[in-house]
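Here is the structure we will look at.
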């Protein structure tokens, strides 16, 4: 086993599995691409990204049960028995192995606020001849807003032979489309904003055609979906824009993560990707501290009582200095300070009276050259896999061992955002994670155009957001390397769009039997995706840089000079009239 080729989170998952077997992977399945077997006769499998030379032939790895989904490329996705990680790491041409992680899913008044009707009337653009790709929870193929315009669905959750980009899931066309369902409703709503056709709640590009990927939310499979959509559009000779209204925080927040790198590699003329900035504007998921000489820095984070099974801290700092790390429990028990372990296994386990703590402190990450350490906290005792983590205020303690002073950024990884930083540790910035970090992607913040609506039962509803302002939930930039993100703001609250017939929404959110009201950067992103489809109809060869420049020149922040960047607004609210 060449353990130095594994990223910190993957090391933890593999070691837990080696020590305690299947039970240890229950928590990891949520975030580390671990796929538990359906029967005891099949091995536990993992979805991973692998880094290698672009033309390396990896077909011989099939003898170990390793299925590599692409024949070429510097970053590829693969599916393998977890016991084969050793064989994969021993392959000389493999440089790095990173886990796939599970991401989270992130128009009547809105178009008028950004002068979209005037722009469409002036130009006559409808999105005709352009493919809009939606990678999400699926789509309701029976909804009248999409009649005759869904070309294909790759349902990654169904059994089947897969597609060229991955041998899993089922590709559906024509009459088969109805086999796939959107029981969550998120993807249908998103698709409706980008491309729905309705007299009242029309999408931005109502004549664009749709290629949909119903994803299992593994970011490796999302990457396969991006490749799939661009390949299908290319075979049809059409430009395409891909909408990603999803994201996570298990990355470096600088665009060097696997999914962002694949987006950058796949984007180009007539191939544009739009991503949500995220909805953590009100959540203290990010902590930051400056670590200087001769003093210990402490970051405090709160764990709710009897709620959380595993706590993960994803921590990054530049290679200008080196840190050692310790953890203090709410009861005052501490682990030893653990330095960087560049040679050998960088993972160490510490048994405290009230917790089991694992810290991984490897050498510099080979992709971006920075240091990434990972902390995992579980409950104490022999049943710690089912025991919750002790509630209260925990401390991450760090001190510099060599080099210059460094800024440390840490993100909590928790599905419910219930583990959060507190006190001076809070940093209300750098909360845009992958894939919104991709340099070529258009990353979209949410602007509130509507706070009142009438539901299906005739009841008036009002949402506690500030009208005609950036939405308070919209995640802040910049990136960890100070790159400007988000790029632009668009209407994201409250947006009326298509309702999936198989989703279970509260009636207070429904405006009628076909349309529902939702808010989020998930809603703002397809607004921009639809707008990009209009621009691609006019010029099918537009590349990401040109599109971003167009959007920036036609965006503004109220009360600020044109071209001003803001961590919350990006370059401001889009105004479409002069595009």
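The values are calculated or read from the model by the stated rules, or taken from the named source; none is laboratory data. Treat the numbers as computed from the prediction; the structure is a model and nothing was measured. Every residue, glycine among them, receives a Cβ derived from its backbone with ideal geometry; neighbour counts consider all protein chains shown.
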The listed residue being on the phi < 0 side of the Ramachandran plot, in contact with a strand residue (DSSP E or B) (Cβ under 7 Å, 6 or more places away or on another chain), assigned to a loop (DSSP other than H, G, I, E, B) and at pLDDT 95 or above, out of 528, 456: 456
Considering only region 369-386, state which residues are surrounded by 18 or more Cβ atoms within 10 Å (Cβ to Cβ), at pLDDT 95 or above and not in a strand (DSSP E or B). 370
In region 462-488, what residues are at positive phi and out of contact with any strand residue (DSSP E or B) (no Cβ under 9 Å at 6 or more places or on another chain)? 482
Would you mind telling me which numbered condition in (1) in a loop (DSSP other than H, G, I, E, B); (2) under 29 Å from residue 341 (Cα atoms); (3) not assigned by TED's automatic domain parsing to the domain that holds residue 484 residue 437 fails? (3)
Any residue in region 153-174 that is surrounded by 18 or more Cβ atoms within 10 Å (Cβ to Cβ) and part of a helix (DSSP H, G or I)? no
Search result, residues across region 539-569 that are out of contact with any helix residue (DSSP H, G or I) (no Cβ under 8 Å at 6 or more places or on another chain) and assigned to a helix (DSSP H, G or I): 544, 545, 546, 548, 549, 552, 553
Top-ranked residue in region 70-106 [being in a loop (DSSP other than H, G, I, E, B) and in contact with a helix residue (DSSP H, G or I) (Cβ under 6 Å, 6 or more places away or on another chain); ranked as surrounded by the fewest Cβ atoms within 10 Å (Cβ to Cβ)]: 103
Unique residue being more than 21 Å from the chain's Cα centre (by Cα), within 27 Å of residue 318 (Cβ to Cβ) and surrounded by 14 or more Cβ atoms within 10 Å (Cβ to Cβ) when the list is 398, 389: 398
Please verify whether region 477-491 includes one or more residues that are more than 16 Å from residue 436 (Cα to Cα) and assigned by TED's automatic domain parsing to the domain that holds residue 115. yes
Here the residues within region 182-196 that are surrounded by 21 or more Cβ atoms within 10 Å (Cβ to Cβ) and outside any helix (DSSP H, G or I) are 182, 185, 196
In region 287-319, how many are closer than 27 Å to residue 25 by Cβ and part of a strand (DSSP E or B)? 9
The listed residue being out of contact with any strand residue (DSSP E or B) (no Cβ under 9 Å at 6 or more places or on another chain), surrounded by 15 or more Cβ atoms within 10 Å (Cβ to Cβ) and under 25 Å from residue 491 (Cβ atoms), out of 417, 429, 438, 445: 417
Take the residues in region 355-366 that are modelled with pLDDT of 95 or more and assigned to a loop (DSSP other than H, G, I, E, B), then tell me which one is nearest to the chain's Cα centre (by Cα). 365
Taking the options 246, 217, name whichever one is surrounded by fewer than 24 Cβ atoms within 10 Å (Cβ to Cβ) and within 28 Å of residue 494 (Cα to Cα). 217
Residue in region 519-538 that is surrounded by the most Cβ atoms within 10 Å (Cβ to Cβ), counting only those that are over 23 Å from residue 237 (Cα atoms) and out of contact with any helix residue (DSSP H, G or I) (no Cβ under 7 Å at 6 or more places or on another chain): 524
Residue 299 vs (1) closer than 30 Å to residue 323 by Cα; (2) modelled with pLDDT of 95 or more; (3) assigned by TED's automatic domain parsing to the domain that holds residue 130: all pass except (3)
With farther than 23 Å from residue 431 by Cα and in contact with a helix residue (DSSP H, G or I) (Cβ under 8 Å, 6 or more places away or on another chain) as the only criterion, which of 331, 345 stands out? 345
